[in-house]
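Below is one structure, written out as structure tokens, with a few remarks after it.
The values are calculated or read from the model by the stated rules, or taken from the named source; none is laboratory data. What you see is a predicted model, and the numbers here were worked out from it, not measured in a lab. Cβ placement follows ideal geometry from the backbone for every residue including glycine, while neighbour counts extend to all protein chains displayed. Accessible surface is based on the protein model in full, side chains and every heavy atom, while ligands, DNA and RNA are left aside. Shrake-Rupley method; radii C 1.70, N 1.55, O 1.52, S 1.80 Å.
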Amino acid sequence: MAYQVPRMDELQSRAWLALVWTAELLPAALDAQLQADSDMTHFEFMVLSTLQQAKGAALRTTDLAAAVNSTMPRLSRVVGKLAERGLVERRGADGDARVVIVHLTSAGRRELVRAVPRHIDRVKELVIDRLTPDELEGLAAALEPLVERLDPQQRVGFGERGASA
């Protein structure tokens, strides 16, 4: 019995490759803009943004790692760099020395506020302004179920959960 190689039809292939290439190219373009304009990486921007959205502008490192879809070693390195720049502070949790809570500082909030307008301009230039309102609705409708499937525990993003310290 011969093994049948799975295939995609033309539309499936086009859609899949468009998604893959967007996932590959968009982060690099956003990273370049943020580094040039704000001296931060896209990942650092996501960490600061996630803290900004969290209750009390603070999260346990494990919750922060989940929210930005990061490994603990990567997050630890980035939080260390952000702390050296005075953008975040690491504090122990009351009663549990094993828990580290990351707090957004006022300097971190200021840097984020400065970075947002140019970042939004770039996001609009690269994605939002290229699509009609109907296409944007279709994009959201197409991608939201994929995010739900890939993240059934709803770990990533801001959402309603706003985990607190």
* Each label point is 7 Å from the Cα along the Cα-to-Cβ direction; what then is the distance between the points at Asp37 and Arg14, in nm? -> 3.2 nm
* Structure fact -> In this structure, the FRET efficiency calculated for Ile128 and Arg90 from their beta-carbon separation, with R0 = 45 Å, to the nearest 0.05, is 0.80
* Structure fact -> Each label sits 7 Å from Cα toward the beta-carbon; between Val156 and Asp121 the label points are separated, in nm, by 2.8 nm
* Alpha carbon centre of segment 101-154 versus segment 27-71: separation in Å? -> 11 Å
* Under a point-charge model restricted to the Cβ atoms of Lys and Arg (+1) and Asp and Glu (-1), what is the dipole moment magnitude of segment 67-165 relative to its Cα centre, in debye to the nearest 20? -> 700 debye
* So how strong a dipole does segment 1-137 carry about its Cα centre when Lys and Arg Cβ are +1 and Asp and Glu Cβ are -1, to the nearest 20 debye? -> 620 debye
* Asked: How would you rank 31-37, 65-71, 133-139, highest first, on the average number of other Cβ atoms within 10 Å across their residues?
  -> 65-71, 31-37, 133-139
* Asked: How far is it, in nm, from the label point at Lys81 to the one at Ser106 when both lie 7 Å from their Cα along the line to the Cβ?
  -> 2.7 nm
* **segment 66-141 - accessible surface per residue (Å², probe 1.4 Å)** => 65 Å²
* Asked: Relative to the longest principal Cα axis of the chain, at what angle does helix 133-150 sit, 0 to 90 degrees, rounded to 10?
  -> 70 degrees
* To do: At 0.36 nm per residue, minus the direct Cα-Cα distance, what do Ala23 and Glu135 gain on full extension? Give it in nm, one decimal, please.
  => 38.5 nm
* What shape does segment 1-56 have by the C-alpha gyration tensor, where a ≥ b ≥ c are the square roots of the eigenvalues, rounded means a/c under 1.5, and otherwise prolate means a/b greater than b/c and oblate the rest? -> prolate
* To do: Ratio to report: Rg/Rh of the chain, with Cα atoms as the point set and Rh obtained by the Kirkwood method; give two decimals.
  => 1.05
* Asked: For Asn69, what charge total do you get from the other residues with a beta carbon under 11 Å from its beta carbon, if Lys and Arg give +1 and Asp and Glu give -1?
  -> +1
* To do: On a 0 to 90° scale, report how tilted helix 10-38 is relative to the longest principal axis of the chain, with both axes built from alpha carbons and the result rounded to the nearest 10.
  => 30 degrees
* Asked: Roughly how many percent of the accessible protein surface of the chain is carbon and sulfur, given a 1.4 Å probe and a whole-percent answer?
  -> 55 percent
* So what is the accessible area of segment 1-63 per residue, in Å², with the probe set to 1.4 Å? -> 69 Å²
